[in-house]
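Since the structure comes first, as structure tokens, the remarks are kept for the end.
The values are calculated or read from the model by the stated rules, or taken from the named source; none is laboratory data. Treat the numbers as computed from the prediction; the structure is a model and nothing was measured. Positions of Cβ are backbone-derived with ideal geometry, glycine not excepted, and every protein chain shown enters the neighbour counts. Quick note on the areas: whole protein, heavy atoms, side chains included, nothing else; ligands and nucleic acids left out. Shrake-Rupley method; radii C 1.70, N 1.55, O 1.52, S 1.80 Å.
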Amino acid sequence: FAQEEDTIAQGIFAGDVELSGLTRQEARAAVEAHVGQLGKKTLTVKTDTHEDQITLERLGLSWDNDEIIEDAFQYGKNGNLLVRYKALESLKYERKVYDLDLSFHERQIRSFVEKLAVYDVEPVEPTLFRRDGVFVVEGGTNGIRVDIPATVERVKETINAWNQETLLVEAAAEITKPERDPELLRAVQDQLGAYSSNYATGNLGRSQSLELSAGRLNGTVIYPGETISVSTLMGPRTIAGGYGVAGAYIGNDVVDSVGAGICQTASTLYAAA
């Protein structure tokens with residue numbers, strides 16, 4: 001009888017853990033071992049292209065209602081003889097189950113979800129160019145980005161409804177559009193202005209600078225209300241920047257200069273505009 005007084009009555013559980021016949025210390029150890037096993041289970045979060053997993057232990061799984069051990073130990077031991085008898089008899093027909101109050105660390109959940117951002121797909125900006133006298137638009141595709149706050153909420157909701165089986169959550173995602181509207185570019189059908197100027201191809205340094213500067217301006221799209229800097233688009237006029245050396249006017253003198261000839265590119269563009 002003394003041994004029974006020091007142990008938990010038959011038919012008492014903490015979640016799925018049977019506490020029958022255990023001392024307080026044994027019961028606490030049994031529950032902690034059970035929670036430790038639960039911590040080895042995984043949470044999987046799916047994106048469109050990947051699945052990432054993490055153990056529940058790393059999400060900070062913990063057991064928060066240790067007081068149920070004392071409640072379980074005292075069950076059937078309080079009150080007069082009749083009250084105690086009825087309490088113990090009832091366990092023969094229906095077990096007494098204490099819920100385990102499990103919790104997770106939100107900061108660790110958020111940290112895990114934030115790492116899913118590596119799977120974000122950036123939108124592709126549309127490009128406009130002219131081919132065989134016709135304007136052509138390429139690109140202009142949407143991207144996709146993991147919605148971190150919404151995914152964190154999905155994980156928390158799934159955990160709150162957890163039945164201690166595998167946890168699977170589909171990440172919340174949002175469509176990200178290009179900054180430029182490809183439909184606006186497709187409306188471009190008219191050539192508004194054109195101009196041409198000739199140059200001597202035999203002057204290799206000057207030809208190099210002309211072709212490089214023109215190539216860097218080619219395909220530039222100016223949207224309503226925007227301005228551009230031709231000088232900035234041409235890039236630094238240096239040998240390292242790809243420009244050649246040719247004669248250029250400095251006052252009344254002609255001297256070798258890196259990037260000589262880009263004034264023709266600029267003036268041709270000005271005439272077209």
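How high is the FRET efficiency from Glu67 to Glu165, r the C-beta distance, R0 30 Å, rounded to 0.05?
Details: r = 27 Å, r/R0 = 0.89.
It comes out at approximately 0.65.
In the context of the full set of protein chains, the chain has a per residue accessible area of 63 Å² (1.4 Å probe). Per atom type, segment 1-131 shows carbon and sulfur on 48% of its accessible surface, probed at 1.4 Å. How high is the FRET efficiency between Leu192 and Lys46 when r is their beta carbon distance and R₀ equals 41 Å, given to the nearest 0.05? After rounding to 0.05, the efficiency reads 0.25.
For segment 151-206, the carbon plus sulfur part of the accessible surface works out to 45%, probe radius 1.4 Å. The alpha carbons of segment 35-81 occupy a box of 64, 16, 14 Å along the principal axes, longest dimension given first.
Its convex hull of Cα atoms gives segment 161-273 a direction-averaged projected area, equal to a quarter of the hull surface, of 14.2 nm². Positive contributions from Lys and Arg (+1) and negative ones from Asp and Glu (-1), summed over other residues with Cβ under 11 Å from the Cβ of Thr176, come out at -3. Across Gly79, Gly215, Gly21, mean-square fluctuation computed from a Gaussian network of the chain (C-alpha pairs under 10 Å connected) peaks at Gly79. Could you tally up the Lys pairs in the chain with alpha carbons closer than 25 Å? Skip any pair fewer than 8 positions apart unless they're on separate chains. Final tally of qualifying lysine pairs is 13.
Stretched out fully, how many nm does the piece from Leu81 to Ser111 gain, at 0.36 nm a residue minus the Cα gap?
5.3 nm
For Cys263, neighbours were defined as the other residues whose beta-carbon sits under 13 Å from its Cβ, and their charges (Lys and Arg +1, Asp and Glu -1) total +2. Here the spin labels are modelled as points 7 Å beyond Cα on the Cα-Cβ line, and at Gln10 and Asp101 they lie 3.1 nm apart.
Starting from the coordinates of the alpha-carbon atoms of segment 223-273, obtain the Kirkwood hydrodynamic radius over all distinct pairs and give the value in Å to one decimal. Present the calculation step by step, with values, prior to reporting the outcome.
Working: mean 1/r = 0.0799 Å⁻¹.
Result for segment 223-273, one decimal place: 12.5 Å.
Sort Tyr98, Tyr199, Tyr119 from largest to smallest accessible area, using a 1.4 Å probe on the heavy atoms of the protein chains. Write down the numbers at each step before the final one.
Working: Tyr98 30, Tyr199 85, Tyr119 55 Å².
Largest accessible area first, the residues go Tyr199, Tyr119, Tyr98.
Looking at segment 1-133, what % of the alpha carbon pairs are farther apart than 19 Å? Everything past 19 Å amounts to 64 percent. With the alpha-carbon atoms of segment 68-114 aligned to their principal axes, the span from lowest to highest coordinate is 58, 20, 9 Å, starting with the largest.
Sorting Glu122, Glu138, Glu179 on solvent-accessible area from highest to lowest, probe radius 1.4 Å, gives Glu179, Glu122, Glu138.
Note: relative contact order over the chain, using C-alpha pairs below 8 Å and six or more positions apart, is 14 percent. Between Glu32, Glu67, Glu57, the GNM of the chain built on Cα springs shorter than 10 angstrom shows Glu67 fluctuating the most.
The Kirkwood radius of segment 108-193, taken over pairs of alpha-carbon atoms, gives through the Stokes-Einstein law at 25 °C and 0.890 mPa s a diffusion coefficient of 154 µm² s⁻¹. Each principal axis of the chain carries a Cα extent, and these read 120, 39, 27 Å when sorted largest first.
Restricting to DSSP H runs of at least four residues, report the calculated mean residue ellipticity at 222 nm for the chain, -39500 (n - 2.57) per run over all residues, nearest 500 deg cm²/dmol. Kindly include the intermediate steps, with their values, before the conclusion.
Working: 10 runs with 94 residues, N = 273.
Taken over the chain, the calculation gives -10000 deg cm²/dmol.
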